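The values are calculated or read from the model by the stated rules, or taken from the named source; none is laboratory data. Note that the coordinates shown come from a computational prediction; the quantities given were computed from them, not determined experimentally. Note that each Cβ is placed from the backbone with ideal geometry, even for glycine, and that neighbours are counted across all protein chains shown. Protein only, heavy atoms only, side chains kept; ligands, DNA and RNA dropped before computing areas. Shrake-Rupley method; radii C 1.70, N 1.55, O 1.52, S 1.80 Å.
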Amino acid sequence: METYFSISIDYVATDGVLNYPLFINSSALADRPRYIRIRTIGDETAHEELKELRNKYGQIYVRELDRELYVDFLLGEQSEFKLEDRAQAIKDLTIQHLEKVFTPSTTETKLDSLKDTIYACRDSVVYLNKVIKDCDLEKIHHLISNINFHDFYTFDHSINVCLYNMYLFKQLRPNAKEEKIIDAGLSGLLHDLGKVKIPTSLINKPGKLSHEEFSLMKEHVRFGQSMLTDIETGLKGIDVPLIKNVVYQHHENYDGSGYPEGKSGNSIDMVARMTSYADFFDAVTTKRAYHQPLPLDAALQVMEGTKGMKLDPSMFSFVANSLKNYRKELNVGDEMLVMDPAFDPCRPCEELPLKKEIVQEKNFGQVIVGGKNDLRNKLNKITKKK
Ligand SMILES: [Fe+2]
Ligand SMILES: [Fe+2]
């Protein structure tokens, strides 16, 4: 059976000739759609008339098999659309796939459909990579802040982590093949897959989670891993072991204080360490249902304070170098923001748990990797600001 996806009329060329056919659904029955072609390849767009059809039938559709033609038009050299519009259009497509991934009945009862959806997600990551190909970190953040919210958590967050992962991967591995960049992006897109098994009320709960609730929340890493294990044999051409590592390890901390296993340093997969960065960065810089975002330089300062504890220190310079005006060194007497070590990007909080501190030692940012005590040692080097 042929499948279709809806597109916004804003992303159909205002003038000129179409290079893909357009459809409307003329059926009033939700379970029995009836798609009718309203434009074929080579037709004039006739935008005003198209708008009337959209207003009458609610949506304009493209056939799944024409997806590439549609995306070529959007992202091609001749594209008349601004970067924000292209990002928005590809984000809309990606969300349609994520909605299938994060629908519990689909994942539990139709594993084949989950496989197909993961392939479709991979295609979306290829398109997202094309959209951000010339963007630096600030530009990507700007883009994220300027395209529409879909939800306050899962979908927007997954796409953001995907974008940051691809950016970071390219910084860390400048000669990487596109395939590897896409694997890193897809790992980011699916890193919180296991949350499909966590009640939404918990994911968006603005207050503090109880011990039991947080214990359940932490299980999303195991849930995601086992969902991928169930379908991995059918996923050819996708680096499933990598994605499983990222799904399972993205809450491990560099100093061994994370979960589920308390792995430390380089025993955590490199892409999982990178995903922790992206996860943290997105959690503190993006508006959530339950807290206001930090500006980029403040976010970086907070991340600098946790490097070697929560985050891999070797990745910090790649992030810091991406911000033109970021002050690279902290001196004795400088004020800095310090994040509560218990902060978890997956744990909702009404306000980010930050404190202002004064740097007491010149080499505050230097890192010694060892055990959980690193955190205490490091925090001993600063004193609370009065
Ligand atoms: Fe997570
Ligand atoms: Fe996350």
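Quick notes on this structure:
- Test for residue 49: is it outside the structural domain of residue 188 (by TED's automatic domain parsing), surrounded by fewer than 16 Cβ atoms within 10 Å (Cβ to Cβ), assigned to a loop (DSSP other than H, G, I, E, B) and modelled with pLDDT under 90: no
- Residue within region 154-168 that is at pLDDT below 85 and either open to solvent by 70 Å² or more (accessible area, probe 1.4 Å) or not acidic (Asp, Glu) (or both) present: yes
- The set of residues in region 1-23 that are touching a Gly at 6+ places or on another chain (Cβ under 8 Å) and either outside the structural domain of residue 53 (by TED's automatic domain parsing) or not in a loop (DSSP other than H, G, I, E, B) (or both) contains only 17.
- Residue 133 crowded, with 16+ Cβ neighbours inside 10 Å, more than 13 Å from ligand 1 (Cβ to nearest atom) and without any contact (Cβ under 8 Å) to a residue 12 or more places away in the chain: no
- Residue 263 vs. criteria open to solvent by 30 Å² or more (accessible area, probe 1.4 Å) and over 22 Å from the mean Cα position of the chain (by Cα): yes
- Considering each residue of region 317-325 in turn, none proves to be in the same structural domain as residue 116 (by TED's automatic domain parsing), among the aromatic types (Phe, Trp, Tyr) and either within 16 Å of ligand 1 (Cβ to nearest atom) or free of Cβ contacts under 8 Å to residues at least 60 places away in the same chain (or both).
- Within region 177-208, considering residues that are in a loop (DSSP other than H, G, I, E, B) and within 15 Å of ligand 2 (Cβ to nearest atom), the one surrounded by the most Cβ atoms within 10 Å (Cβ to Cβ): 191
- Candidate set from region 209-232 (those that are within 13 Å of ligand 2 (Cβ to nearest atom) and of a type outside the set (Gly, Ala, Ser)); member that is surrounded by the most Cβ atoms within 10 Å (Cβ to Cβ): 221
- Only a single item in (1) open to solvent by less than 60 Å² (accessible area, probe 1.4 Å); (2) closer than 22 Å to residue 182 by Cβ; (3) over 21 Å from the mean Cα position of the chain (by Cα) is not met by residue 62, and it is number (2).
- With respect to the conditions (1) of a type in the set (D, E, K, R); (2) surrounded by fewer than 16 Cβ atoms within 10 Å (Cβ to Cβ); (3) under 13 Å from the mean Cα position of the chain (by Cα), residue 139 falls short on a single one, namely (3).
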